[in-house]
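Novice: Attaching a single structure in structure tokens format; questions to follow.
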Amino acid sequence: MKTIAFAIMLALFSGTAVAAGGGGDLMDAKVDVSNEASLQRGAKLFANNCMGCHSAKFVRWNALPEALGVSMETIEENLIYGSYEAGDTINAAMRPADGSEWFGAAPPDLSLTARARGEDWVYTYLNSFYRDPDASIGWNNKLLKNSSMPHVLWRLQGVPEPVYEGSGDSIQVASLEIPEGQGGTLTEAEYHQATRDITNFMAFMAEPVRAKRQEIGVWVIGFLVVFTILAYFLKREYWRDVH
Ligand code: HEC
């Protein structure tokens with residue numbers, strides 16, 4: 001009995017350990033795809049700030065109402081610009097070819113990024129933009145060095161400046177600071193929440209059935225636990241006669 005319980009525990013926890021591994025100093029995104037209010041805010045921020053450049057071509061508009069807990073009319077009124085047909089996927093206003101000409105790299109499709117890069121990576125990325133003192137670089141990113149994406153949320157966050165450490169060739173950005181007078185419309189906590197909401201929405205896009213999977217998972221584990229207890233008593237019952 002003990003060994004079985006141990007094996008079950010091992011199987012359960014080894015998964016989380018692997019998923020959490022890697023990525024030293026990433027921030028913790030703490031996503032919760034069952035939080036509808038967060039998904040709604042994230043979807044809105046995503047539509048207003050990201051879809052000018054990025055597509056999410058594996059995600060259909062009509063997958064949104066159920067996950068966000070709103071009607072298709074609300075989605076149409078608030079998120080979709082221009083014409084759309086039922087079953088359309090989330091497309092970018094910019095063609096990838098334009099993107100690479102303007103930014104040096106084409107804005108990648110973001111449907112699966114939260115899974116490919118990891119949620120914490122995405123969240124950290126959105127919190128790592130800063131103004132490079134080298135004006136020819138413009139916006140830079142502490143996590144993805146020389147990223148060609150501009151800091152599209154700077155009005156919300158403000159304009160972070162780098163604090164360097166080391167010298168010569170080993171000089172690197174140690175931390176980011178928003179100087180007095182360069183703040184945005186949001187406080188630091190509000191900006192963290194906004195970027196967490198976007199990350200949450202991206203996590204939903206990367207796996208639309210995740211909330212449901214987790215819900216079902218709880219029932220499955222519950223069933224297994226109850227079943228194990230029943231099996232144990234059944235075994236005791238049988239062996240009573242043998243002894
Ligand atoms: C002005 C165009 C533009 C807008 C608007 C924009 N991005 Fe980007 N984004 C880019 C470009 C260009 C890249 C490629 C960066 C590179 O690889 O150097 C990129 C890369 C990314 C990446 C990294 C993907 C990867 O796997 O490397 C993420 C994540 C991302 N963007 C998220 C967002 C989010 C979230 C928003 C909205 C808040 C947004 N972007 C708005 C242009 C844009």
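Novice: Express in nm, to one decimal, how much length is gained between GLU161 and VAL225 on full extension, taking 0.36 nm for each residue of separation and deducting their alpha carbon distance.
Specialist: Here the answer is 17.8 nm.
Novice: Between THR89 and SER136, what is the label-point separation in nm under the 7 Å Cα-to-beta-carbon projection?
Specialist: In this crude spin-label approximation the distance works out to 3.8 nm.
Novice: Decide, for segment 100-243, between rounded, prolate and oblate: order the square roots of the alpha carbon gyration tensor eigenvalues as a ≥ b ≥ c, take rounded if a/c falls under 1.5, and otherwise choose prolate if a/b is larger than b/c, else oblate.
Specialist: Details: a/c = 3.15, a/b = 2.86, b/c = 1.10.
It comes out prolate by the Cα gyration axes.
Novice: Give the Rg (one decimal place) followed by the Dmax (whole number) of the chain, computed from C-alpha coordinates and expressed in Å.
Specialist: Rg then Dmax for the chain, in Å: 23.3, 85.
Novice: Also: How far, in degrees from 0 to 90, does helix 210-242 lean away from the longest principal axis of the Cα atoms of the chain, to the nearest 10?
Specialist: The answer is roughly 20 degrees.
Novice: A further question follows. Show me the ranking of peptides 72-84, 89-101 by mean Cβ neighbours inside 10 Å, starting with the highest.
Specialist: Most protected by this proxy first, the peptides run 89-101, 72-84.
Novice: Take the cross-link list LYS57/LYS212; LYS57/LYS142; LYS30/LYS212; LYS212/LYS235 and give me the ones stretching past 26 Å between alpha-carbons.
Specialist: LYS57/LYS142; LYS212/LYS235
Novice: Sequence gap at least 6, Cα distance under 8 Å: using those rules, report the relative contact order of the chain to the nearest whole percent. Display every interim value, and only then the final one.
Specialist: Numbers: 295 pairs, mean separation 57.3, N = 243.
Computed over the chain, the figure is 24 percent.
Novice: Along Cα→Cβ, 7 Å out, is where each label goes; now give me the distance between the ones at PHE58 and GLU180 in nm to one decimal.
Specialist: 4.9 nm
Novice: I'd like to compare 190-200, 109-119, 228-238, 132-142: which one has the highest average count of other Cβ atoms within 10 Å, and what's the full order after that? Let's see the in-between values first.
Specialist: Values: 190-200: 21.3, 109-119: 19.5, 228-238: 10.4, 132-142: 13.6.
Final packing ranking: 190-200, 109-119, 132-142, 228-238.
Laboratory data are not the source of any read-out in this text; all were calculated from the coordinates shown. This structure is a prediction, so every number in the text was calculated from the model and none was measured. Heads up, the Cβs are rebuilt from the backbone with ideal geometry, glycines too, and the neighbour counts pull from every protein chain shown.
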